[in-house]
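All remarks here apply to the structure that follows.
The values are calculated or read from the model by the stated rules, or taken from the named source; none is laboratory data. Fair warning: this is a prediction, and the values are worked out from it, not measured in the lab. Here the Cβ positions follow ideal geometry from the backbone for every residue, glycine too, while neighbour counts run over all protein chains shown. Ligands, DNA and RNA are stripped out before the accessible areas are found, and what is left, the full protein with its side chains, is counted by its heavy atoms. Shrake-Rupley method; radii C 1.70, N 1.55, O 1.52, S 1.80 Å.
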Amino acid sequence: QVQLVESGGGLVQAGGSLRLSCAASGRTFSSYIMGWFRQAPGKEREFVAAIARSGDLPAYADSVKGRFIISRDNAKNTLYLQMSTLKPEDTAVYHCAASTRLQVSDRRTDFRSWGQGTQVTVSS
């Protein structure tokens, strides 16, 4: 099992940027496909982005494509989400998650290990 801890959330104005980090410990970080999901109040948790074990093949939700970049540093056991041109509708708790599936996926059920999340609030 891998343990995940997110950081980097906060309050930002619309149009601003934030960089989220997810520190992993426990089992070998590079053996997992990693992803970011978010959950706004009253809404279901939704896919944001995912990345393959080697750091390539990023996948994004249409709502964040062109604005967010997912990356990872396997030497530092850390996953990142660079968020730019933020919008009020990006406000949510952001969770990182780990998957042992063979391919990058956007399905929440493919990810078995989750962090507690970090709050991102975008003001208009």
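So, for segment 46-124, what is the accessible surface per residue at a probe of 1.4 Å, expressed in square angstrom?
About 52 Å² of surface per residue is accessible.
Build a GNM of the chain with springs between Cα atoms under 10 Å: which of 79, 18, 102 gets the top mean-square fluctuation?
Most flexible of the set in this elastic network: 102.
Once label points are set 7 Å from the Cα along Cα→Cβ at both residue 87 and residue 25, what is their separation, rounded to one decimal in nm?
With each label placed 7 Å out from Cα toward Cβ, I get 3.8 nm.
Just subtract the alpha-carbon distance of residue 108 and residue 67 from 0.36 nm times their residue separation and send over the number in nm, one decimal.
Gain in length upon complete extension: 12.6 nm.
Report the net charge of residues surrounding residue 78, where surrounding means a beta-carbon distance below 12 angstrom and charges are Lys +1, Arg +1, Asp -1, Glu -1.
+1
Go ahead and set up a Gaussian network model of the chain, Cα springs under 10 Å, then flag whichever of 12, 104, 48 fluctuates most.
Fluctuation is largest for 12.
With labels modelled as points extended 7 Å from the Cα through the Cβ direction, what inter-label distance (nm, one decimal) is found for residue 75 paired with residue 52?
2.1
Per the 1.4 Å probe, what fraction of the accessible area of the chain, in percent, lies on carbon and sulfur atoms?
That fraction is 47 percent.
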